[in-house]
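These notes concern the structure reproduced below.
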Amino acid sequence: FFFVYAYFREQVCTVICPYGRLQSVLLDRNSMIVAYDYKRGEPRGKFKKKQEASILFGDCIDCFQCVKVCPTAIDIRNGTQMECVGCTACIDACNKMMDAVGRPQGLIRYASENGIANGKKLVYTGRMKFYTGILIILAFGLAFLLSTRKDVDGTIIRAGGMLYQERGEDSVSNLYNIKIVNKTNKDIPVTLKLEDANGSIIEADGKDIQVLKEAQGKGSFFIVLPRSFIKERKTTLRVGLYEGDKRITVLKTNFLGPFTKSSAKTI
C-alpha cells in the first residue's frame, strides 16, 4: 500500500476502481451528482469580500480550491468526469470560499444536469424510485440474514476414502470430520450428541471440541450404530452441538452401513 499512496495515488481511481466507469451506465441528466452551477458561476472573476460583484462576473472567483482538494486532480467546473469519485471535497472547499467572499453557498453542490440547466429542484424520477426500492429490498434482506444467522454453525463430512467399520457382530461405525464456526465473542466447548438415533459418538481424541471466539474449530469422531438400526444403505442422521446441556444447533450427515436387498426382505 505504500507504493499506492506514495506513487500511484489518483491512478487507483482512474485505472483500478470501476466506480467512474459505472457512472456512464447508471447516470442520466436527472441523476444527482456533484455538479458545478455554471449558470451562477460563469463568467469567472475575482472580487473582494462585501464588494458587489460586477455584472460581468459570476460567483466563481476562479480560486482553484476545488481543483487543489480533489483527490484525482480534476476540475469539477468542466462537468461530470470519469475520474470523479463523489467525495464532495470540492463542495466543502467551495463553500468555504463562498463564505470568505460573502456569497451564498452551493456553487458546487449535489444537483442534476437538468436541474442546473433549467433552474429546477430535484424531481423524484421513476429510475430513482426503482433504485430506492432495490436498496430497501437489499437492506431488509441483509437485516433478515443478520437476525436469523446462527451464532455457531458447522459442517460434518464423512472421512474421505473410507466406508464403514464393523465393531464386533452387532455394531457399525463411520468416521467423520467436523468443522465448527464460532461467531460469538466467547470460547465455546462443544459436545456432540446423536439426535433421534440409538447410537453413540466417540471423539477421536476423547475430548470435546474447543472452539475459540470468532474462530473455527476442527475435530474427528466416530458414530457407532447397532446393526438393527440400519435399515438403508445410507441413513440420514442428526447430530446436535451442545454447550453443556444447551443445544446450540443441529447438523445433518449420512451414515453408510452394510445393508443389502436380501437383508431388507428379512427385516
query: Can you find even one residue in segment 107-122 that is more than 30 Å from Asp62 (Cα to Cα) and either modelled with pLDDT of 90 or more or surrounded by fewer than 10 Cβ atoms within 10 Å (Cβ to Cβ) (or both)?
result: no
query: For residues in segment 66-91 being charged (D, E, K, R) and under 16 Å from Asp37 (Cβ atoms), which is farthest from the chain's Cα centre (by Cα)?
result: Arg77
- request: Could you tell me whether Val69 is surrounded by fewer than 14 Cβ atoms within 10 Å (Cβ to Cβ), among the β-branched types (Val, Ile, Thr) and either closer than 26 Å to Cys13 by Cβ or in contact (Cβ under 8 Å) with a residue 12 or more places away in the chain (or both)?
  value: no
message: Looking only at segment 213-232, count every residue that is over 22 Å from Val181 (Cβ atoms) and touching a strand residue (DSSP E or B) at 6+ places or on another chain (Cβ under 7 Å) and tell me the total.
response: 6
- prompt: Any idea which residue in segment 206-254 is modelled with the lowest pLDDT, counting only those that are over 18 Å from Asp153 (Cβ atoms) and among the small types (Gly, Ala, Ser)?
  reply: Gly206
task: Take Leu122 and decide whether it is in a loop (DSSP other than H, G, I, E, B), within 33 Å of the chain's Cα centre (by Cα) and assigned by TED's automatic domain parsing to the domain that holds Thr14.
output: yes
query: Which one is surrounded by the most Cβ atoms within 10 Å (Cβ to Cβ), of the residues in segment 213-243 that are in a strand (DSSP E or B) and β-branched (Val, Ile, Thr)?
result: Ile223
task: Considering (1) surrounded by 10 or more Cβ atoms within 10 Å (Cβ to Cβ); (2) in contact (Cβ under 8 Å) with a residue 24 or more places away in the chain, say which one Leu142 fails and leave the rest.
output: (2)
message: Give me the residue from segment 163-212 that is closer than 19 Å to Arg247 by Cβ, among the acidic types (Asp, Glu) and assigned to a loop (DSSP other than H, G, I, E, B) and, out of that set, nearest to the chain's Cα centre (by Cα).
response: Asp187
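The values are calculated or read from the model by the stated rules, or taken from the named source; none is laboratory data. Computed from a predicted model, the values in this text were never measured in an experiment. Because the Cβ atoms are built from the backbone with ideal geometry, glycine has one as well, and the counts that use them run over all protein chains shown.
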